[in-house]
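Comments concern the structure below.
The values are calculated or read from the model by the stated rules, or taken from the named source; none is laboratory data. Worth saying up front: this structure is predicted, and the values here are computed from it rather than measured. No Cβ is skipped: glycine too gets one built from the backbone with ideal geometry, and neighbour counts run over all protein chains shown.
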Amino acid sequence: MLENSHRTALTSPTVSGANVSTVTPVGDPLVGHVFGDRYQLVEKLARGGMATVYRALDTRLDRVVAVKVMHEGLGDDVDFARKFDREARAAARLSHPNIVAVFDQGSDRGRPYIVMEYVEGRTLRQIIAKEAPMAPEKALSYIEPVVKALAAAHDVGLVHCDVKPENVLISDRGVVKVADFGLAKAVTGQTVTATQGLLIGTVSYIPPELVTSGRATSRSDVYSAGVVLFELLTGRKPHTGETPIQVAYAHVHADVPPPSSLGRHRTHIPDYVDALVEACTKRTPAERPVNGHAMHLRVAKARKALLQGPADDATLAVRLGAGPEADVADPTPASPVSPVRPDAKTVLLRAKTPTEPSSWRFVPRAESRRQSTPVSPVDVENSISSYETEHIPTPRISPVRPLVRVSQAKVHRRRRGMVALVLVLLLGLGGGGGTWYYFAEARWTSTPVLAGLSEQDARAALQTAVLGVTTTKEYSEDVAAGRVIRTDPVAGGRILRDGSVSLVISQGPERFDAPKIVGLPRADAVTALTKANLAVGTVAEAYDESVPAGSVVSSSVEPGAKLKRGATVDFVVSKGPTPITIANYEGKSGDQATKELQAAGFTVTATQQNSKTVAAGLVISQSPNSGTGKKSDAISIVVSKGPVMVAVPTVRGKSKADATTTLQAAGFQVTSKSIVSGGIAFGLAYGTDPAAGTMVAEGSTITLLVG
């Protein structure tokens with residue numbers, strides 16, 4: 001967050017619980033690690049008793065941030081982690097030009113972390129080491145923005161608990177910022193207790209009540225800020241010791257001495273500056289200014305007095321060294337968002353005193369009727385400031401008019417005319433200046449920094465600033481639901497008092513439910529994705545045995561998954577069952593055909609049939625016997641049983657003609673053969689070859705033996 005003259009280094013936010021020194025990144029295992037899938041740790045910058053700070057890159061917004069990572073083991077304590085989370089959220093609500101902003105927080109691998117603004121510059125510790133002891137006016141110029149930051153924290157119920165020079169940053173542009181609000185304590189019942197008995201706070205600046213009871217209030221921050229002011233003025237700490245315990249109990253049992261008593265200052269320290277330090281460092285909390293606002297009021301008075309010269313002022317010293325009742329009695333300073341209005345019993349009156357040409361004082365309304373002077377907003381503001389520092393009694397104006405003789409000499413009349421002309425010009429300039437101020441400046445205020453606040457907190461801030469509010473809602477990938485994304489006018493922009501600020505409230509990330517598309521036809525699946533504000537991604541095709549061709553087989557996301565608008569969904573469309581080539585088994589073994597067709601996925605039906613031409617056991621025919629099919633398709637085969645077998649009939653004794661007819665009727669082919677080699681032939685059948693009764697394939701040729 002800070003950069004010295006030689007290299008970029010985070011000198012703050014420092015780490016609560018110990019003084020912090022700049023550390024090189026050599027050998028740190030976390031360097032290069034990405035926290036929360038967003039913050040890449042680039043360099044180890046500082047290490048303290050409870051955490052280590054790294055310079056990091058916000059990869060989402062492309063900006064440099066500081067990430068404070070709690071030491072390993074601290075995050076294992078559930079109660080500590082819960083408090084760390086709650087306090088980091090509370091610190092993130094703070095929005096003030098003198099406070100280092102907290103952007104984000106989370107936990108990575110069991111180690112809580114906080115993401116903060118990265119500031120380039122130096123710490124107040126470095127400035128003290130080089131320039132202290134400082135002149136009172138310069139010391140107060142450093143402490144005033146610190147107490148402004150504390151006042152802002154106290155307004156929202158936070159106590160810093162660790163105000164010290166290491167936690168005060170001065171940017172290269174001279175802006176003073178208070179850091180380490182990430183471990184600030186949220187006030188409950190107007191007190192807080194240190195976590196698990198651990199005293200949060202550096203021992204040299206620790207308030208006595210935190211040592212004795214472990215409880216801190218806004219007055220505790222006032223004490224620590226008073227000790228810092230003491231060190232700015234003297235260049236040393238008020239209490240020292242050989243051990244931290246000795247220093248802590250010195251705060252309990254010994255008063256902080258007046259800075260002027262040390263004799264280390266280069267210029268005179270007025271008595272009212274001593275009184276200011278004394279009032280803020282009272283050992284009893286009830287005797288200190290109640291909060292940052294009360295301390296700021298006293299610091300402002302001291303600074304104004306210093307501008308008039310470093311002389312002592314006993315009256316002012318009494319006022320600045322008084323208890324908190326003095327803050328209640330003093331008029332409240334003008335709010336930056338509302339004009340100063342005198343109450344019903346008090347008016348502002350400009351009067352002359354013997355020691356000052358003109359000043360402002362508060363007088364009863366009855367007296368104001370005697371003498372009234374028009375005032376502009378600038379005059380009102382000046383009157384408050386003068387009233388806060390004015391301590392010279394103002395004589396009452398007598399209503400009795402003295403007898404005055406006005407000379408009528410020509411030269412005197414001419415002088416009176418010139419004086420009157422000058423007065424008219426001055427009045428005109430004063431009135432014009434007041435009018436210009438009203439229309440150019442006084443009517444306007446600045447839009448508060450509200451980005452990241454909850455809607456409730458943003459409304460409360462605008463109500464405090466006397467500004468109206470309108471809201472619209474918008475989805476955001478970066479801002480949590482219910483928090484402010486941006487404002488119109490933008491933060492710091494000019495807006496008329498009593499104007500209205502438009503808040504854009506995050507609805508969180510925009511997500512849509514993925515529809516169920518498996519089983520739908522392709523066209524219906526595309527329509528369903530379009531209606532769900534999603535896009536069609538890669539569409540593939542694949543064979544599927546159960547899903548009809550053209551319907552969705554599978555999807556890249558589960559139904560009901562939460563997806564961004566326009567997110568792509570890939571899916572696979574079925575081409576139907578896988579095709580199977582049909583082999584022809586005609587003339588081949590019927591058993592082989594059945595086995596191989598079934599193995600290919602077909603359902604086979606086999607029948608048997610006699611065949612004169614196909615041997616038994618071979619396939620006579622197959623249907624279908626070519627092309628492709630799909631799994632479980634039916635294929636029929638006819639397996640040959642061979643030819644029909646017929647018994648050769650008996651024809652012995654029949655005439656040749658009758659025997660031939662009988663054999664042919666039985667389905668045989670007939671040839672004849674004479675068995676008579678000589679002698680008389682009677683033309684009768686003597687037998688057959690094969691012999692009668694022999695089983696012969698139908699259609700076979702039978703030889704008829706004739707004698």
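Flag not set for residue 550, criterion: over 30 Å from residue 632 (Cα atoms) and touching a Ser or Thr at 6+ places or on another chain (Cβ under 9 Å). Close Cβ contacts (under 9 Å, 6 or more residues apart or on different chains) running from residues in the stretch 145-163 that are in contact (Cβ under 8 Å) with a residue 12 or more places away in the chain and under 12 Å from residue 179 (Cα atoms) to residues that are of a type in the set (Phe, Trp, Tyr) and surrounded by 24 or more Cβ atoms within 10 Å (Cβ to Cβ) comprise 149/181; 153/181; 160/181; 162/205; 163/205; 163/223. Consider the stretch 141-154 and keep the residues that are surrounded by fewer than 23 Cβ atoms within 10 Å (Cβ to Cβ) and in contact with a helix residue (DSSP H, G or I) (Cβ under 8 Å, 6 or more places away or on another chain). The one that is nearest to residue 218 (Cα to Cα) is 151. Of all residues in the stretch 114-124, those being buried (at least 21 other Cβ atoms within 10 Å of the Cβ) and not in a strand (DSSP E or B) number 3. Scanning the stretch 583-603 for residues that are buried (at least 19 other Cβ atoms within 10 Å of the Cβ) and within 17 Å of residue 633 (Cβ to Cβ) yields a count of 5.
Against the numbered list (1) among the hydrophobic types (A, V, I, L, M, F, W, C); (2) at pLDDT below 95; (3) in contact with a Lys or Arg (Cβ under 6 Å, 6 or more places away or on another chain), residue 132 comes up short only at (3).
Against the conditions (1) in contact with a Phe, Trp or Tyr (Cβ under 7 Å, 6 or more places away or on another chain); (2) exposed (fewer than 14 other Cβ atoms within 10 Å of the Cβ); (3) not charged (D, E, K, R), residue 677 satisfies every one except (1). With respect to residue 550, is the statement that it is of a type outside the set (D, E, K, R) and out of contact with any Asp or Glu (no Cβ under 9 Å at 6 or more places or on another chain) true? For residue 550, the condition - of a type outside the set (D, E, K, R) and out of contact with any Asp or Glu (no Cβ under 9 Å at 6 or more places or on another chain) - is met. Applying the set (1) free of Cβ contacts under 8 Å to residues at least 60 places away in the same chain; (2) hydrophobic (A, V, I, L, M, F, W, C); (3) closer than 24 Å to residue 318 by Cα; (4) touching a Lys or Arg at 6+ places or on another chain (Cβ under 8 Å) to residue 277 leaves exactly one unmet item: (4).
The number of residues in the stretch 544-558 that are in a loop (DSSP other than H, G, I, E, B) and either surrounded by 15 or more Cβ atoms within 10 Å (Cβ to Cβ) or of a type in the set (A, V, I, L, M) (or both) comes to 4. One residue alone among 165, 257, 207 is modelled with pLDDT of 90 or more and in contact with a Leu (Cβ under 6 Å, 6 or more places away or on another chain), and that residue is 165. Inspect the stretch 288-300 for any residue being surrounded by fewer than 20 Cβ atoms within 10 Å (Cβ to Cβ), part of a helix (DSSP H, G or I) and modelled with pLDDT of 95 or more and give the result as yes or no. The answer is yes, given that some residue of the stretch 288-300 is surrounded by fewer than 20 Cβ atoms within 10 Å (Cβ to Cβ), part of a helix (DSSP H, G or I) and modelled with pLDDT of 95 or more. Whether any residue in the stretch 534-541 is of a type in the set (Val, Ile, Thr), closer than 17 Å to residue 461 by Cβ and modelled with pLDDT of 95 or more is what I want to check. The answer is no; no qualifying residue exists. Among the residues of the stretch 625-664, not one is under 60 Å from the mean Cα position of the chain (by Cα) and within 30 Å of residue 687 (Cβ to Cβ).
For the stretch 539-583, the set of residues classified as in contact (Cβ under 8 Å) with a residue 40 or more places away in the chain and under 30 Å from residue 623 (Cβ atoms) consists of 545, 576, 577, 578, 579, 580, 581, 582, listed by residue number. Go through the stretch 67-99 and count every residue that is within 17 Å of the chain's Cα centre (by Cα) and either at pLDDT 85 or above or outside any loop (DSSP other than H, G, I, E, B) (or both). Looking only at that region, the number is 14. Exactly one residue out of 568, 530, 605 is outside the structural domain of residue 517 (by TED's automatic domain parsing) and hydroxyl-bearing (Ser, Thr, Tyr): that is 605.
Here residue 143 does not fit the description of being over 33 Å from the mean Cα position of the chain (by Cα) and closer than 18 Å to residue 205 by Cα.
Per the listing 522, 486, the residue uniquely surrounded by 13 or more Cβ atoms within 10 Å (Cβ to Cβ), without any contact (Cβ under 8 Å) to a residue 40 or more places away in the chain, touching a strand residue (DSSP E or B) at 6+ places or on another chain (Cβ under 9 Å) and of a type outside the set (A, V, I, L, M, F, W, C) is 486.
Residue-wise test of (1) more than 24 Å from residue 611 (Cα to Cα); (2) touching a strand residue (DSSP E or B) at 6+ places or on another chain (Cβ under 8 Å); (3) surrounded by 14 or more Cβ atoms within 10 Å (Cβ to Cβ).
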{"site": "647", "(1), (2), (3)": "no, yes, no"}
{"site": "653", "(1), (2), (3)": "yes, yes, no"}
{"site": "659", "(1), (2), (3)": "yes, yes, yes"}
{"site": "665", "(1), (2), (3)": "no, no, no"}
{"site": "668", "(1), (2), (3)": "no, yes, yes"}
{"site": "682", "(1), (2), (3)": "yes, no, no"}
{"site": "704", "(1), (2), (3)": "yes, yes, yes"}
